[in-house]
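Read the figures in this text as sums done on the coordinates, not as results from a lab. Just so we're clear, the structure is a prediction, and the values are computed from it rather than from any experiment. When we count neighbours, we look across all protein chains shown, and the Cβ atoms used for this are built from the backbone with ideal geometry, even at glycine.
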Amino acid sequence: MDRTFVMVKPDGVQRGLVGEIVSRFEAKGLKLVGAKLELLPEERVVEQYREHLEKPFFPGLKAYIMSGPCFLMAWEGKGVAAVVRRMVGATNPAEAEPGSIRGDFALDIGRNVIHASDSPESAARELGIHFAPGELVDYSRIDEPVLYE
Ligand code: UDP
Ligand code: MG
């Protein structure tokens, strides 16, 4: 089954949004298969955002991500990477649809509450950066037989 990497950024943790965000994915029917609260070391922030290393916003982005604990998660479900990106909403919260996490809970692109992998390939790469294989758990959710046709 497909898996993706999702992270509540330090502003989301500080604002007490972890529970709300976890609830949305749980209610959708996605399965939580890994989770931890961490202060990220610089090398993992650089590795996660390597496509943005040369961008003018990178130093600010790195400082923001390292400013406090992040809540890291692995979610599983059919087409999960694309499903989660739609639930997260546009990068700029001012343009994110109401009903999306960024649309409902954020205002500023530099404080947009949550990260989610942008494709199945990114998901595999980012899960590998942040989780050891033994930290991801295989189990069945009791509602799986009625969630999927
Ligand atoms: N970001 C920023 N300023 C920008 C563009 C991006 O601060 O002009 C930050 C923002 O936190 C964003 C992250 O860099 O979530 C990664 O950017 P990306 O374009 O990959 O957006 P995402 O995949 O998070 O929607
Ligand atoms: Mg991105």
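For the stretch 34-149, give the magnitude of the charge dipole about the Cα centre (Cβ charges: +1 Lys/Arg, -1 Asp/Glu; no others), in debye to the nearest 20.
Details: 12 positive and 19 negative charges, 51 e Å.
Computed about the Cα centre, the dipole is about 240 debye.
How do 131, 58 rank when sorted from fewest to most other Cβ atoms within 10 Å of their own Cβ? It would help to have the intermediate numbers written out before the result.
Values: 131 19, 58 16.
So the residues, fewest neighbours to most, are 58, 131.
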The lysines whose Cα lies under 19 Å from the Cα of residue 31, excluding any fewer than 8 residues away in the same chain, are 78
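Rank the residues 54, 42 as a footprinting-exposure proxy: fewest other Cβ atoms within 10 Å of their Cβ go first. Working shown, then result.
Details: 54 7, 42 10.
Least to most surrounded, the residues fall as 54, 42.
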Proxy exposure order for 91, 4 (fewest C-beta within 10 Å first) is 91, 4
Listed by chain and number, the lysines with an alpha carbon less than 17 angstrom from that of residue 36, same-chain partners under 8 positions apart left out, are 9
The value for the chain (convex hull of the alpha-carbon atoms, volume per residue, Å³) is 108 Å³
Checked the stretch 86-149 against the a/c 1.5 cut and the a/b vs b/c comparison, axes a ≥ b ≥ c from its Cα gyration tensor; verdict oblate
Once the dipole of the chain is set up from charges on Cβ (+1 Lys and Arg, -1 Asp and Glu), the residue from the list 88, 4, 75 lying farthest towards its positive end is 88
